[in-house]
Structures are given as structure tokens and as C-alpha cells.
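Each remark here refers to the structure printed beneath this line.
The values are calculated or read from the model by the stated rules, or taken from the named source; none is laboratory data. What you see is a predicted model; the values in this text were computed from it and never measured. Neighbour counts run over all protein chains shown; Cβ positions are idealised from the backbone, glycine included.
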């Protein structure tokens with residue numbers, strides 16, 4: 001890969017000229033300035049006792065002799081621009097889908113999704129599943145072995161409220177289960193008798209000592225996961241293991257009680273962690289009624305993951321950003337009781353997802369479900385592409401891409417019409433770009449792969465340059481755990497191709513063969529990027 005070879009050359013030159021070890025940074029300047037730029041001279045300026053311009057001049061003399069480099073020029077105070085020759089750039093485009101395996105040999109746990117049984121999966125869960133699945137794909141593309149996990153709250157007051165509602169109405173599917181939960185949540189707020197009954201049910205759920213309640217609990221969990229799986233199967237999203245809160249209560253509570261007086265403190269009959277010592281806030285881990293809170297269950301989950309995957313190098317947990325402060329406290333407590341597990345745990349938060357029609361609230365029964373959104377986008381796709389053989393994958397592409405193109409952590413307002421549009425940065429637009437390239441290749445009479453003998457013209461060079469950026473984009477997205485970098489790049493790549501196609505005839509041109517080869521490289525990168533996003537690349541739209 002040219003970028004690694006250039007970095008090595010800069011490191012070697014820095015050591016030779018200034019006896020200094022550096023990790024040079026390369027960026028992509030505007031195309032008119034070159035293919036790469038580096039500020040290595042500024043990195044060396046303090047220790048070298050020379051002006052940045054002089055250091056840049058000395059480094060550039062060394063880089064001019066590097067194989068594959070056509071031109072090295074100085075730009076500004078200490079910056080160096082590097083332009084590759086056409087042969088090297090073409091080869092970089094050819095090898096663009098050979099991604100760096102920086103994470104090879106690592107096992108990484110990624111937990112995401114996490115819809116709770118007894119309630120319907122809403123669009124926030126759909127967002128979390130999509131983001132987590134794509135981050136998993138990014139890590140796998142970088143060589144890691146990824147275990148996709150999810151965690152579901154099958155105990156707690158919300159479960160007791162749902163079971164109370166199940167006693168009042170017939171429940172046969174996830175929709176009626178959701179209504180039962182809404183009924184119980186409302187009764188808990190407004191009816192003191194119902195509130196007392198629900199709190200009693202809650203105790204029994206934890207203790208598993210009432211056969212009738214246990215049966216309703218099992219029914220609710222089963223119906224919920226059947227509904228979740230129906231949606232996940234459509235989206236081609238799967239998990240390697242599901243954890244339930246009921247499985248983590250015991251280990252978490254034991255860990256907390258073992259550390260009372262050391263890490264945790266008794267306060268007003270409850271057990272708390274005083275987060276102020278870590279610059280945070282105090283949170284309850286076991287209530288005055290003796291019930292473990294979410295914090296304690298999460299500690300138990302960390303222990304369970306470590307037991308199931310003891311060789312894992314890293315554990316990533318993805319939730320909505322409203323849980324960020326909560327996770328800071330939980331991880332602070334974990335760092336005192338099991339510091340080695342806290343060190344390899346990373347919490348990622350995503351923003352709030354709403355629709356152009358407004359927000360949602362699962363506790364009032366007005367939740368906008370994942371299924372509702374799937375059906376609404378499906379109808380929009382069928383309306384826009386009535387004769388397309390790819391309507392089904394286009395539906396899922398529209399939803400996933402609309403989520404993923406935003407930086408993780410920012411709030412999203414989902415616009416159905418925008419998500420299915422072929423004009424602008426959308427999933428169907430990228431799918432269409434791939435189908436268009438496939439159509440060009442299908443019409444071609446030549447299927448050979450020679451490199452161009454006479455170099456690249458301006459349009460060809462621009463396309464080859466953009467294609468060659470792909471490995472760097474994937475590496476950056478994997479390092480930052482930010483899938484939006486892939487979406488932004490694919491959109492820019494498709495736009496670069498469109499400009500090339502407008503000015504460069506392909507079929508029947510004297511330069512048909514090298515241009516067809518570039519189209520093939522382009523289509524391969526589009527498909528690879530869509531695969532990371534877990535979006536189908538259709539041959540026809």
C-alpha cells in the first residue's frame with residue numbers, strides 16, 4: 001500500500017537525517033496539490049534545531065527517490081506534498097479492496113440492540129442494531145474475530161407492569177404484549193391498588209417463586225424474541241449470544257456485597273457507589289428493598305461476558321447517549337473491583353432517533369415501532385421503484401444508510417422520502433451506482449486486466465485516486481468506530497465516477513480497456529463498502 005511505504009520512507013529519512021524516531025501523519029490534500037501530504041517537518045522542528053522549511057526540503061530530497069513517487073513539492077511552512085506516478089496509483093486502485101488487517105488475532109465483543117422483552121422493538125433499537133452490526137463488520141474487515149452480543153431486561157418494574165397487564169387482557173403476539181405493558185405502566189401511575197400488585201409481582205419475578213408469574217414471564221420473553229428475530233432476519237442482522245438480566249442479577253449482586261465497605265457504601269438501607277470520588281455522582285446499586293439496580297446487573301453482565309469469552313481483547317457496548325453518565329459511574333465502580341475488565345470495556349453512545357412526524361414514547365403506548373418504520377419505507381420504495389427487482393434490498397438499504405451516514409452520537413431526524421431518493425446521499429443512490437457499473441461491465445466486449453501503457457488521463461487519474469483511498473477510510477472508520485466515514489466515502493466515490501463518466505466515453509473508446517478496468521475496481525470497492533454496511537449490492541435496480 002503506498003501510504004505505508006511512504007510512512008516508512010519518512011521514518012527512515014527522519015532517523016537518517018536527524019536521528020529522531022517519529023510516527024509520520026499522512027493526509028489527502030486537494031487533488032491539484034498531490035496525492036498525499038505530510039507535516040513531518042513540523043514534528044521534527046523542535047528537536048532538529050532547524051526551520052521547518054529547511055527540514056521539509058531535506059526530507060523531500062530523500063522522498064524524491066522513493067519508487068512510485070512522481071513528484072515531491074513543498075507547501076507552506078514545513079508541509080510536503082507527494083504525487084504518485086500513474087502506474088503506482090493504478091496499482092493502488094487495483095489493490096483497494098485488500099484491506100489492512102490491523103486487528104488480526106484480536107477477539108472483540110460488541111454488544112448492541114438490546115430491546116427489552118415485553119415491549120415492542122422501537123426505531124431506537126433498530127438504530128442501535130444497525131450501528132452495532134456495522135461496527136462489527138468494520139472490525140471484522142480489519143481482521144478481528146467479533147462476537148455480536150445483546151442484553152435484554154427481562155426483570156425489573158417494567159416487566160412486572162407487563163405481567164400485570166397480561167393478567168388483564170389476552171396476549172397472543174408482541175403487539176398485544178406491548179399493549180399489556182402500556183396498560184400496566186399506566187395503572188402503576190394512576191391506581192394505588194394496581195401499584196401494590198405490580199410491586200409484589202416484581203418481587204416474585206426476581207425470586208422465581210410463583211409458577212403462574214413464571215409462566216407469564218416465559219410467555220412474554222418467547223413472544224418478544226420471536227418478534228425481534230422476525231425483524232432481524234429481514235435485516236440480515238444476527239447475534240452470537242443473548243444475555244438476560246435474570247442471568248446477571250446473581251453475579252452482580254454477589255460482587256457488590258463482597259465489596260461493601262471497600263468500594264460500595266451502605267446508605268439509608270441501600271447500597272450505593274459514591275461516584276463523587278471519581279468526579280461523578282452517587283448511584284444506588286442495591287435498593288433499600290434489597291433489589292439490584294441496572295448498575296448491579298451490568299456488573300454481573302461484565303462478569304458473565306468474561307466467563308464466556310475469557311480471551312477477548314476488548315468489549316464494546318453501544319447504547320443511546322442518555323445512558324452515558326450512567327455508564328461512567330458503572331465503569332468507575334468496575335475499575336475499583338475488576339480494573340482489568342474496566343480497562344478493556346468501551347462505551348459508545350448513539351444519538352436520539354426521531355421521525356419528521358415527531359418523537360416517540362414507549363411508556364405511553366405511542367411508540368413508533370421498528371416494524372412500523374420498515375413498512376413505511378417499504379411502501380415508499382414500492383411507490384418509487386414499482387418495477388425494480390431489488391425492492392426488498394432497497395428498503396433495507398434506505399433505512400440502514402440513513403442511520404449510518406450520520407456521525408455516531410448525533411441525533412437523527414429520519415425522513416422517509418429522503419431515505420429512498422436517488423438524488424443525494426442515500427442507500428438506494430449507492431446501490432444504483434453499483435448497478436450502473438455492473439451494467440457497463442456487462443456490456444463490455446473485453447474482460448482483460450492490463451494496466452494502461454500510456455498513463456492515465458485527468459479523469460482516469462481522479463477516479464483511480466479516489467478508489468485508492470478506500471483502505472485508509474476503512475482503517476480510520478475502524479479505529480474511530482465511526483461507520484459514517486464509509487458512507488461519506490462511498491457517496492464521494494460515486495460522485496467522482498459520475499464526473500468521470502460524463503467526460504470519458506468507455507465502450508468503443510480507444511481507451512476502453514483501461515477504463516473498463518477502472519470501472520471494475522470502482523464496482524469492487526462499492527460492493528466491499530456496502531458489504532461492510534451489511535447492504536446488498538444489486539446487479540440491477
> Is there a residue in the stretch 401-414 that is in contact with a helix residue (DSSP H, G or I) (Cβ under 7 Å, 6 or more places away or on another chain), modelled with pLDDT of 95 or more, in a helix (DSSP H, G or I) and closer than 30 Å to residue 504 by Cα?
Replying inline: yes
> part of a helix (DSSP H, G or I), under 15 Å from residue 118 (Cβ atoms) and in contact (Cβ under 8 Å) with a residue 12 or more places away in the chain, is that true of residue 221?
Replying inline: yes
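Which residue, of 206, 243, is modelled with pLDDT under 95, in contact with a strand residue (DSSP E or B) (Cβ under 9 Å, 6 or more places away or on another chain) and surrounded by fewer than 22 Cβ atoms within 10 Å (Cβ to Cβ)? Quick ask: steps written out before the conclusion?
Working: 243 fails: modelled with pLDDT under 95.
None of the others qualify; the one that does is 206.
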> Restricting attention to the stretch 94-114, does a residue exist that is outside the structural domain of residue 481 (by TED's automatic domain parsing) and assigned to a helix (DSSP H, G or I)?
Replying inline: yes
> Which ones in the stretch 160-176 are over 18 Å from residue 201 (Cα atoms) and within 33 Å of the chain's Cα centre (by Cα)?
Replying inline: 173, 174, 175, 176
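Take the stretch 262-280 and flag every residue that is exposed (fewer than 14 other Cβ atoms within 10 Å of the Cβ) and within 26 Å of residue 305 (Cα to Cα).
Taking the stretch 262-280 as the starting set, the residues that turn out to be exposed (fewer than 14 other Cβ atoms within 10 Å of the Cβ) are 262, 266-269, 276-277, 279.
Answer for the stretch 262-280, where residues must be exposed (fewer than 14 other Cβ atoms within 10 Å of the Cβ) and within 26 Å of residue 305 (Cα to Cα): just 262.
Between 243, 273, which is closer than 20 Å to residue 111 by Cα and in contact with a helix residue (DSSP H, G or I) (Cβ under 8 Å, 6 or more places away or on another chain)?
Within the list 243, 273, the selection yields 243.
Which of the residues belonging to the stretch 17-31 are surrounded by fewer than 12 Cβ atoms within 10 Å (Cβ to Cβ) and under 18 Å from residue 58 (Cβ atoms)? It would help to see each step written out before you state the result.
First, pick out the residues of the stretch 17-31 that are surrounded by fewer than 12 Cβ atoms within 10 Å (Cβ to Cβ): 19, 21, 23, 27, 30.
Scanning the stretch 17-31 gives 19, 21.
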>> List pairs: first residue in the stretch 375-394 and over 19 Å from residue 530 (Cβ atoms), second residue not in a loop (DSSP other than H, G, I, E, B) anywhere in the structure, Cβ distance under 7 angstrom, at least six positions apart or on different chains.
In response: 376/416; 378/395; 380/416; 380/417; 380/420; 382/391; 384/420
> Looking at the stretch 125-159, which of its residues are over 14 Å from the mean Cα position of the chain (by Cα) and under 17 Å from residue 367 (Cβ atoms)?
Replying inline: 152, 153, 158, 159
>> Show the residue pairs meeting these rules: Cβ distance below 8 Å; 6+ apart or different chains; first residue within the stretch 72-94 and more than 19 Å from residue 62 (Cβ to Cβ); second residue part of a strand (DSSP E or B).
In response: 86/70; 92/84
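Test residue 229 against the stated conditions and say whether it is surrounded by fewer than 17 Cβ atoms within 10 Å (Cβ to Cβ) and either at pLDDT below 95 or assigned to a helix (DSSP H, G or I) (or both). Before the answer, list the steps.
Working: surrounded by fewer than 17 Cβ atoms within 10 Å (Cβ to Cβ): yes; either at pLDDT below 95 or assigned to a helix (DSSP H, G or I) (or both): yes.
Criteria met by residue 229.
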> Which residue pairs have Cβ atoms under 7 Å apart, sit 6 or more places apart or on different chains, and have a first residue in the stretch 411-425 that is more than 18 Å from residue 393 (Cα to Cα) and a second that is part of a loop (DSSP other than H, G, I, E, B) and modelled with pLDDT of 95 or more?
Replying inline: 412/406
> Restricted to the stretch 463-483, and to residues that are in contact with a helix residue (DSSP H, G or I) (Cβ under 6 Å, 6 or more places away or on another chain) and without any contact (Cβ under 8 Å) to a residue 24 or more places away in the chain, which residue is surrounded by the fewest Cβ atoms within 10 Å (Cβ to Cβ)?
Replying inline: 476
> part of a helix (DSSP H, G or I), in contact (Cβ under 8 Å) with a residue 40 or more places away in the chain, surrounded by fewer than 22 Cβ atoms within 10 Å (Cβ to Cβ) and on the phi < 0 side of the Ramachandran plot, is that true of residue 486?
Replying inline: no
> Restricting attention to the stretch 313-326, and to residues there that are at pLDDT 95 or above and surrounded by fewer than 19 Cβ atoms within 10 Å (Cβ to Cβ), which single residue is farthest from residue 273 (Cα to Cα)?
Replying inline: 313
>> Which residue is surrounded by the fewest Cβ atoms within 10 Å (Cβ to Cβ), if the candidates are limited to the stretch 40-62 and must be more than 37 Å from the chain's Cα centre (by Cα) and touching a residue at least 40 places away in the same chain (Cβ under 8 Å)?
In response: 62
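Test residue 120 against the criterion of being in contact with a helix residue (DSSP H, G or I) (Cβ under 9 Å, 6 or more places away or on another chain), part of a loop (DSSP other than H, G, I, E, B) and under 22 Å from residue 493 (Cβ atoms), and give yes or no.
Numbers: in contact with a helix residue (DSSP H, G or I) (Cβ under 9 Å, 6 or more places away or on another chain): yes; part of a loop (DSSP other than H, G, I, E, B): yes; under 22 Å from residue 493 (Cβ atoms): no.
No, not satisfied.
Do we find that residue 185 is out of contact with any strand residue (DSSP E or B) (no Cβ under 8 Å at 6 or more places or on another chain), part of a helix (DSSP H, G or I), under 17 Å from residue 224 (Cα atoms) and in contact (Cβ under 8 Å) with a residue 40 or more places away in the chain in this structure? Working first, answer last.
On the way: out of contact with any strand residue (DSSP E or B) (no Cβ under 8 Å at 6 or more places or on another chain): yes; part of a helix (DSSP H, G or I): yes; under 17 Å from residue 224 (Cα atoms): no; in contact (Cβ under 8 Å) with a residue 40 or more places away in the chain: yes.
When the stated conditions are applied, residue 185 does not pass them.
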